[in-house]
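Asks: Quick one: the structure is below, questions incoming.
The values are calculated or read from the model by the stated rules, or taken from the named source; none is laboratory data. Treat the numbers as computed from the prediction; the structure is a model and nothing was measured. Here Cβ is always computed from backbone atoms with ideal geometry, including for glycine, and neighbour counts include all displayed protein chains. SASA here: full protein model, heavy atoms, side chains in, ligands and nucleic acids out. Shrake-Rupley method; radii C 1.70, N 1.55, O 1.52, S 1.80 Å.
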Amino acid sequence: MNIWVDADACPKVIKEILFRAALRKQLDLVLVANQPLAVPSQPGVRSVTVPHGFDVADKAIVEWLQPGDLVITADIPLAANAVEKGAQAINPRGELYTRENVRQALSVRNFMDELRGSGVQTGGPPALGLRDRQAFAAQLDRLLARVPARKIGA
């Protein structure tokens, strides 16, 4: 399993949880963004900078991921594409996207986008809180518990 991070909007505290988990389980962790990112110099962790543009990072992640990989994203269309390709996806609040729930989440997202397009003020999500971080860490631990530790790059 490789872990792919839609890193442009991923909160720093979530990245830190991911760095520790990747080191503990010896997994490859790739942060994909349209700007250079600083990452710790630890085996298996790297940053990939893609060109600026609409959904360029998302498209790159979907192209590179393999079935069984894990994608970290708050972007529901990316999560839907990842799940369709056989990967798992979780958002920074710890919600696991599955074939069953990602289509519903995509429908709600599209509906809210239509509302915003018609001028309705829908507001944004609340700030990421302690419970969200704990839910993310717990969900990540559940997913990684099934993955045996391996040598980086193997």
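Asks: So is Ala38 among the aliphatic types (A, V, I, L, M) and part of a helix (DSSP H, G or I) or not?
Replies: So Ala38 does not fit the description; no.
Asks: Let me ask something else. Take Gln42 and decide whether it is more than 10 Å from the chain's Cα centre (by Cα) and open to solvent by 40 Å² or more (accessible area, probe 1.4 Å). Break it down stepwise before answering.
Replies: Working: more than 10 Å from the chain's Cα centre (by Cα): yes; open to solvent by 40 Å² or more (accessible area, probe 1.4 Å): no.
For Gln42, the condition - more than 10 Å from the chain's Cα centre (by Cα) and open to solvent by 40 Å² or more (accessible area, probe 1.4 Å) - is not met.
Asks: Moving on. Select from segment 61-81 the residues that are under 20 Å from Pro11 (Cα atoms) and of a type in the set (A, V, I, L, M, F, W, C) and write down the one among them that is surrounded by the fewest Cβ atoms within 10 Å (Cβ to Cβ).
Replies: Per the criteria, the residue is Ala74.
Asks: Of everything in segment 46-55, what is open to solvent by 20 Å² or more (accessible area, probe 1.4 Å) and at pLDDT 95 or above? Give them in sequence order. Lay out the reasoning, then the answer.
Replies: Let us first name the residues in segment 46-55 that are open to solvent by 20 Å² or more (accessible area, probe 1.4 Å), namely 46-49, 51-55.
Arg46, Ser47, Val48, Thr49, Pro51 - these are the residues of segment 46-55 that are open to solvent by 20 Å² or more (accessible area, probe 1.4 Å) and at pLDDT 95 or above.
Asks: Can you tell me how many residues within segment 133-147 are over 14 Å from Leu96 (Cβ atoms) and open to solvent by less than 80 Å² (accessible area, probe 1.4 Å)?
Replies: At the first step, the residues of segment 133-147 found to be over 14 Å from Leu96 (Cβ atoms) are 133-134, 147.
Now narrow it down to the ones that are open to solvent by less than 80 Å² (accessible area, probe 1.4 Å): 133, 147.
So the answer is 2.
Asks: Next question. Do we have Asp58 as more than 16 Å from the chain's Cα centre (by Cα) and either under 21 Å from Pro125 (Cα atoms) or acidic (Asp, Glu) (or both) here?
Replies: no
Asks: Checking Gly86 against (1) surrounded by fewer than 16 Cβ atoms within 10 Å (Cβ to Cβ); (2) on the phi < 0 side of the Ramachandran plot: exactly one of these is not met. Which one?
Replies: It fails just one condition, (2).
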